[in-house]
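Let me begin by presenting the structure, written as structure tokens, before commenting on it.
The values are calculated or read from the model by the stated rules, or taken from the named source; none is laboratory data. Predicted model only: the values in this text are computed from it and were never measured. Counting neighbours? That spans all protein chains shown, and the Cβs are built from the backbone with ideal geometry, glycine included.
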Amino acid sequence: MNFPQDLQVGNILLYSTKDIVDSLIEWKTGSDVAHIEIYMGGGISWASRNGIGVNTYPFRSSGLVKVRKLIGNFNLPLAQIWFEKTQKGQPYGFGDILANENIITKFPGEDCSHFVAACCEVGECPQFDPIFPKARISPRDFEITLESITVYTV
């Protein structure tokens, strides 16, 4: 696979990096992935990056371990409206990580998993059953959902 030329809008990008937060996420979830982004075309992905927050970012291949293709047609115009009006500029959701441990917090923001899950849902390609507890979604869950397929693995 050639990057980013072969990527498609809506591809789910799964990463493994070696910072302390990602290492803890990988350990806790028993996975080799700790970060997730969604590709928007033109060398751009949307993500909530650790300590930075929700925004558009240049595609990066460093740390990329898997690419998954959504099943269905991602509604990019609808997702763009949602992103611009409600998500862009949100802080990184450290509180979301604590919510995964049933620790209720009032920290604003979104972590990467919750952001991408919501983006897929708004884009009419939900990755999880509505009864799946949203506070429990981790990057690992995107590796095993039946609503996307793996098209690249390192």
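Here are the numbers:
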{"read-out": "Residue within the range 38-46 that is modelled with pLDDT under 95 and touching a Cys at 6+ places or on another chain (Cβ under 6 Å) present", "value": "no"}
{"read-out": "Of all residues in the range 114-138 being assigned to a helix (DSSP H, G or I) and either among the hydroxyl-bearing types (Ser, Thr, Tyr) or over 19 Å from residue 45 (Cβ atoms) (or both), the one that is modelled with the lowest pLDDT", "value": "135"}
{"read-out": "Selection status of residue 58, at pLDDT below 95 and either within 21 Å of residue 33 (Cα to Cα) or not hydroxyl-bearing (Ser, Thr, Tyr) (or both)", "value": "no"}
{"read-out": "Candidates 98, 78, 146 - the one that is under 20 Å from residue 11 (Cβ atoms), at pLDDT below 95 and more than 15 Å from the chain's Cα centre (by Cα)", "value": "146"}
{"read-out": "Sole exception among (1) within 17 Å of residue 91 (Cβ to Cβ); (2) buried (at least 19 other Cβ atoms within 10 Å of the Cβ); (3) modelled with pLDDT of 95 or more; (4) not hydroxyl-bearing (Ser, Thr, Tyr) for residue 53, by number", "value": "(3)"}
